[in-house]
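All remarks here apply to the structure that follows.
The values are calculated or read from the model by the stated rules, or taken from the named source; none is laboratory data. Since we're looking at a predicted model, the values are computed, not measured. Positions of Cβ are generated from backbone atoms using ideal geometry, with glycine treated the same way; all protein chains shown enter the neighbour counts.
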Amino acid sequence: MPVPLPAPSGWDSPVEIKGSIIREHKRLISGYGGSGTTDINVLREAQEPNQVAISLAGEPTLYPYLPELIDLFHSDGMTTFVVSNGTQPDMIAKISPTQLYISLNAPDETTYLRVCNPCGNFWREIQGSLEVLGRSQSRTRTAVRITLIRGLNMFNPEGYARLLRTAMPDYLEVKAYMHVGFSQKRLGRDAMPDHEEVLGFASEIGDELGYRIADDCEISRIALLSRSGKVEQIR
């Protein structure tokens, strides 16, 4: 059941987080009501969101009440999408979002330490999260994302496949690093692979795993793979 009161130790409760998210979403889109080109019916629909992405800013699995937060959203008929770096396998085992998504950005420990530059070595934890992912498919749709950086982690497709065999996710997303934001201070534009390179590397991993490309988008330099080679409706 959702935690009804503020959580201890300074954590916001799931009820507080959910309320704040809905409030801020409505505030964010409120300005469209003053535009003469706005479809009011679409705006009204947008004011009642039914999908939640628990990702982007920080690592969501560090929040100790993440299972309760997910359950709270689901109790209102909303879908949840959790994106994790895989460093908290114990929490990964506890949650059942609509889709569980783990980033894997290295085929081996040495590359992981060089590419991710973590505050500690979480390679074993990431491997543990992939194993949990392999046991989670009966309760959630699973996906693994690999961000390819030319010259840093775009090699050893067999190594990626070996790790992925423990997870065998419903979907594998292979995408190019994009030279935007603060990353421009750390990497050059030549670190960004083109779409054909992404497709080629994705196919190599897929051949090792028995996955096929289900879809791709050239402008985003991304390939989506699945075992069937198709995109299935969400469960």
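Checked against (1) modelled with pLDDT of 95 or more; (2) within 18 Å of the chain's Cα centre (by Cα), ARG139 passes all but a single condition, namely (1).
Of all residue pairs spaced 6 or more apart or on separate chains, those with beta-carbon atoms under 6 Å, a first member in the stretch 82-95 that is within 17 Å of ALA53 (Cβ to Cβ) and a second member that is assigned to a loop (DSSP other than H, G, I, E, B) and of a type in the set (Gly, Ala, Ser) are VAL83/SER55.
Quick check on the stretch 107-128. Is at least one of its residues within 16 Å of the chain's Cα centre (by Cα) and outside any helix (DSSP H, G or I)? Within the stretch 107-128, not a single residue is within 16 Å of the chain's Cα centre (by Cα) and outside any helix (DSSP H, G or I).
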